[in-house]
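Read the structure below first, then the notes.
The values are calculated or read from the model by the stated rules, or taken from the named source; none is laboratory data. This structure is a prediction, so every number in the text was calculated from the model and none was measured. We place every Cβ from the backbone using ideal geometry, glycine too, and count neighbours over all the protein chains shown. Each accessible area value is taken on the protein alone, full model and side chains, heavy atoms only, with ligands, DNA and RNA left out. Shrake-Rupley method; radii C 1.70, N 1.55, O 1.52, S 1.80 Å.
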Amino acid sequence: MPELDWTRTQAARSIERLLPRLRVELAEARAADPAGWERLEARLQHEWPRLFTLLLHLYGTQYDFYYHLEQILLGAARAWAARSAPLRDLDARREAEPRWYESQRMLGAVIYVDLFAGTLAGVREHLPYLEQLGVTYLHLMPLFLAPEGDSDGGYAVSSYRTVNPELGTMAELAELAATLRERGISLVVDFVFNHTSDEHEWARKARAGQSEFEEFYYLFADRSLPDQYDRTLREIFPSVRRGSFTWDEGMRRWVWTTFNNFQWDLNYRNPAVFRAMADELFFLANMGVEVLRLDAVAFIWKRTGTDCENQPEAHMIIQAYNALTRIACPALLFKSEAIVHPDEVVKYVDLGEAQLSYNPLLMALCWEALATREVRLLARSLATRWRIADGCAWVNYLRGHDDIGWTFDDDDARAVGIDPWGHRRFLNAFYTGDHPGSFARGVPFQANPTTGDARVSGTLASLAGLEQALHERNPILTDLAIRRILLLHSVILSAGGIPLLYIGDELAMLNDYDYARDPARATDSRWVHRVASNWEHGENGGRWSDMAEPAGYIYNELLRLIAMRKEQPALAGGSLTVFDTGSPQLLGYTRANGGRRISVVANFSERPQAISANRLRLNGLGYEFCDLNSGLRLSADESLTLTPYQFVWLEAV
């Protein structure tokens, strides 16, 4: 029998045997919601062949494979049974409108609970501020229990079921999720599933010598295997320690720690780990979380002789979790966080894997274009690397909690006459203010003396020149910095996908160098752009209301641009077509949807740049246009000159 037919046969037999057990175990839930149970079984029958095939590949050689298969299925059914009526209603709505996140009315925001509002209760209090911005998707940065002091910004999770007590409680998180849902805002949290903190219950039990939990992690009695792995591994935090393994004196073992010494990598070769993390995933879904940001997806499977990134099994694990959520909690979406080569990023984006994905390439190349005043690399990458699986969406951002890494493709750079290695060194120098003519005031992050690699930290406003301009009290530089900030936002607001604001950027917050005075943060320069909000004098200090101040002007212009985006059906969906503007300084692309069409032209230099009349006609498909940004009527009878950092959204009239 061919292998595919054999697998299908085994999948059918296994579900035939498992369903009766499921019905008995969940008899009470079946009786309480027979129609819901019928829909659950329909989803199960639809997803089961895929789920079975994935689990068979991952764990089929385990002697107790059938036991784990049964427990995984029971876990999904129990998660459905525990799901509240409002969340089951949400499941039904999302199944009826599965591409809801492609709407042009979507706007994301990301916050640290403590920096934005102190506590979860504070976030609820300040929801009007987010609603005024037009936010429909709110990402709360890691807020679960983590070690005191350095916890990698909360990415060392000690419990996925306990909120950091300084921020609130899990009950308050569920209440906030319900409030957000009522106001049309989807809650997003991080699912840190590559590792736990060394204070997690599983790690404590491993340290205590419980073999079941020792198998949750990668532990080695000597350096033979770690040395073998280290030969091909990339160092993620080279300034923290060299290599990817940490000696634990209590256990007298080496522990795999890809990131920090206190973040222990989970062993997904163990099906018990897959099951345990599935239960944590279901728990968060039933708290009302609508999107899980899958942290560090590239690292979750290890294989000797490779860099242990982007392994096929990493995709299979995410796909298996995707299948389980389609069964138990279909309103839940995944967003991948893969800050790796662009070829690898897109492989995680699929309706059967992660429906959403950060777009690190767009972010990095927007900054690259600002530094070079040329869009050659940005335009090429948009033209060749924008497309993703139908029905999926990019999450487009300019800044976030993390650093900026220059993740463009080397061959793309060479194709436009750029030396990739030298260009990355130039960009690091430019954005740390260490290059003649730089307007940026960033800070280096994780410089690797061996490879010469480094990344950059800094707020959007400081990187775009506002910190320099205000420090020098130079009104001309201030004007140029404001123009850069609005230009960058115009791109993420008009490109296809969900635009994501890192809250504080809308108020042009500058670098906060006080992080260096905190011993728990001093060695991590990313804290320079993790800036606290100031509510002492009203919403963020009242700075948003004064149009004479850069913060107020930027804030109100962004409000206008966001409102403008929400009214343009052409900006829904993800299609984007790059066109040649005839100028290396001008980026041009067209968005079309539902019979509507907008052509965007953006000047990435501080000098006027022109696009010819004929290029306007060819790409705008008309002679008369309205610039939605300025409200002015423009004609393709003559060339259009854009002022420094100007952008236009052109619609034929």
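Descriptive notes on the structure:
- Taken together, A109, A79, A85 contain a single residue that is within 30 Å of V163 (Cα to Cα) and in contact with a strand residue (DSSP E or B) (Cβ under 8 Å, 6 or more places away or on another chain), which is A109.
- Any chance I485 is open to solvent by 10 Å² or more (accessible area, probe 1.4 Å) and of a type outside the set (F, W, Y): no
- Residues in the range 211-225 that are assigned to a loop (DSSP other than H, G, I, E, B), open to solvent by 70 Å² or more (accessible area, probe 1.4 Å) and not small (G, A, S): 2 in all.
- When the test is whether a residue is buried (at least 16 other Cβ atoms within 10 Å of the Cβ), among the charged types (D, E, K, R) and either on the phi < 0 side of the Ramachandran plot or in contact with a strand residue (DSSP E or B) (Cβ under 8 Å, 6 or more places away or on another chain) (or both), R17 does not pass it.
- Residue selected from the range 153-210 under the condition assigned to a loop (DSSP other than H, G, I, E, B) and within 19 Å of L130 (Cβ to Cβ), by the criterion most open to solvent (accessible area, probe 1.4 Å): R183
- Matching residues in the range 551-566 - criterion: being open to solvent by 20 Å² or more (accessible area, probe 1.4 Å) and out of contact with any Lys or Arg (no Cβ under 9 Å at 6 or more places or on another chain): Y553, N556, E557, L559, R560, A563, M564
- In the set (1) open to solvent by less than 10 Å² (accessible area, probe 1.4 Å); (2) touching a helix residue (DSSP H, G or I) at 6+ places or on another chain (Cβ under 7 Å); (3) on the phi > 0 side of the Ramachandran plot, N310 fails one condition alone, (1).
- Wholly within the range 11-98, helices (runs of 4 or more DSSP H) carrying at least 1 residues that are at pLDDT 95 or above and among the hydroxyl-bearing types (S, T, Y): 34-59, 65-81
- In the range 444-466, residue nearest to N603 (Cα to Cα) [restricted to those that are open to solvent by 30 Å² or more (accessible area, probe 1.4 Å) and not hydroxyl-bearing (S, T, Y)]: R455
- Looking at the range 554-619, the strands (runs of 3 or more DSSP E) lying wholly inside it that each contain 1 or more residues that are among the aromatic types (F, W, Y) sit at 586-593.
- Segments classed as helices (runs of 4 or more DSSP H), wholly inside the range 352-468, with at least 2 members that are on the phi < 0 side of the Ramachandran plot, of a type outside the set (D, E) and out of contact with any Lys or Arg (no Cβ under 8 Å at 6 or more places or on another chain): 360-372, 376-385, 410-415, 420-431
- Candidate set: the range 233-269, residues that are polar (S, T, N, Q) and open to solvent by 20 Å² or more (accessible area, probe 1.4 Å); chosen: the one farthest from the chain's Cα centre (by Cα): T246
- Checked against the criterion of being crowded, with 17+ Cβ neighbours inside 10 Å and part of a strand (DSSP E or B), the range 633-641 contains one or more residues that satisfy it.
- Restricting attention to the range 216-255 and to residues that are touching a helix residue (DSSP H, G or I) at 6+ places or on another chain (Cβ under 8 Å) and hydrophobic (A, V, I, L, M, F, W, C), the residue that is farthest from N267 (Cα to Cα) turns out to be M251.
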